[in-house]
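As structure tokens, the structure follows; a few thoughts come after it.
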Amino acid sequence: NCENIGGASCTEEQEALVVKSWNLMKKNAGEWGLKFFIKIFEIAPSAQKLFSFLKDSNVPLEQNPKLKPHAKSVFVMTCEAAVQLRKAGKVVIRDSSLKKIGAVHFKYGVVDEHFEVTKYALLETIKEAVGEMWSAEMKNAWSVAYDQLVAAIKTEMKP
Ligand code: HEM
């Protein structure tokens, strides 16, 4: 349920809120990405075991260079999902990359609870990043885009 402002459609408004907040964060995407994943691991420490590059590493979490790209993928793909929801009414990811992403998450043992914790941490991170710009509508817009993206990924999470 999003409120319509100035006659814009619901999905248009949601896209605008997601894009606006992402534009604000993206210059410091690495930093926010790191905060995002630290939050995930605070809530679910065992999720660290899923990441091969963390499991086999003596580098402290905050300094692991490989964590940032995944964090950024989640931000960017969720933002793109919001754009596609407006343009196409659904999340469109190129078939081959969706298959790859689905297969990778299946292989590493990512389950529903991981996606839930990640959603919570994502929303908390954006809230912190945008400060006063944060609103229930912005939270809802990111939630909708994330849920749809995850639903698309899950369709390809099979052996
Ligand atoms: C890998 C995106 C959620 C764990 C990846 C890759 C992408 C991606 C693009 C690289 C795939 C490749 O190798 O080509 C996403 C998106 C997510 C999401 C868009 C949510 C919308 C999660 C969650 C977890 C997770 C919730 C677990 C907490 C992993 C792991 C890998 C991976 C373990 C493999 C990393 C490695 O190379 O060791 N993800 N991911 N992902 N993701 Fe995610």
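Tabulated data
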{"quantity": "Lys pairs under 26 Å by Cα in region 43-112, provided they are eight or more residues apart or on distinct chains", "calculated": "29"}
{"quantity": "Cα-based helix-to-principal-axis angle, 112-130 vs the chain, degrees rounded to 10", "calculated": "60 degrees"}
{"quantity": "Size of the chain as Cα extents on the principal axes (Å, biggest first)", "calculated": "53, 37, 24"}
{"quantity": "Label-point gap, in nm, between residue 111 and residue 136 - each point 7 angstrom along Cα→Cβ", "calculated": "3.4 nm"}
{"quantity": "C-alpha long axis of helix 95-107 to longest principal axis of the chain, angle in °", "calculated": "50 degrees"}
{"quantity": "Dipole-positive endmost among 11, 25, 131 within the chain (Cβ charges, Cα centre)", "calculated": "25"}
{"quantity": "Using θ = phi - 60° and Karplus 6.51 cos²θ - 1.76 cosθ + 1.60, couplings along region 13-23 (whole Hz; Gly, Pro as x)", "calculated": "5, 5, 4, 4, 5, 5, 5, 4, 6, 5, 4"}
{"quantity": "Qualifying trypsin sites (Lys or Arg not before Pro) in region 68-159, DSSP loop, other Cβ atoms within 10 Å at most 10", "calculated": "94"}
{"quantity": "For region 67-81, 3J(HN,Hα) per residue [Karplus equation, 6.51 cos²θ - 1.76 cosθ + 1.60, θ = phi - 60°, Hz, x = Gly/Pro]", "calculated": "6, 4, x, 5, 4, 5, 4, 5, 4, 5, 5, 5, 4, 4, 4"}
{"quantity": "Ellipticity estimate at 222 nm from DSSP helix runs (n ≥ 4, -39,500 (n - 2.57)) divided over the chain, nearest 500", "calculated": "-22500 deg cm²/dmol"}
{"quantity": "Residue (of 37, 64, 76) at the positive-pole extreme of region 1-117, dipole from beta-carbon charges", "calculated": "64"}
{"quantity": "For the chain, size of Cβ-based charge dipole, Lys and Arg +1, Asp and Glu -1, in debye", "calculated": "680 debye"}
{"quantity": "Rounded, prolate or oblate (a/c below 1.5 giving rounded, otherwise prolate when a/b exceeds b/c) for region 7-100 by Cα gyration tensor", "calculated": "prolate"}
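Computed from the coordinates by the stated procedures, all read-outs in this text should not be read as laboratory data. Remember, it's a predicted structure, so these values are computed and weren't measured experimentally. A quick note on method: Cβ atoms are made from the backbone with ideal geometry, for glycine too, and the neighbour counts reach across all protein chains shown.
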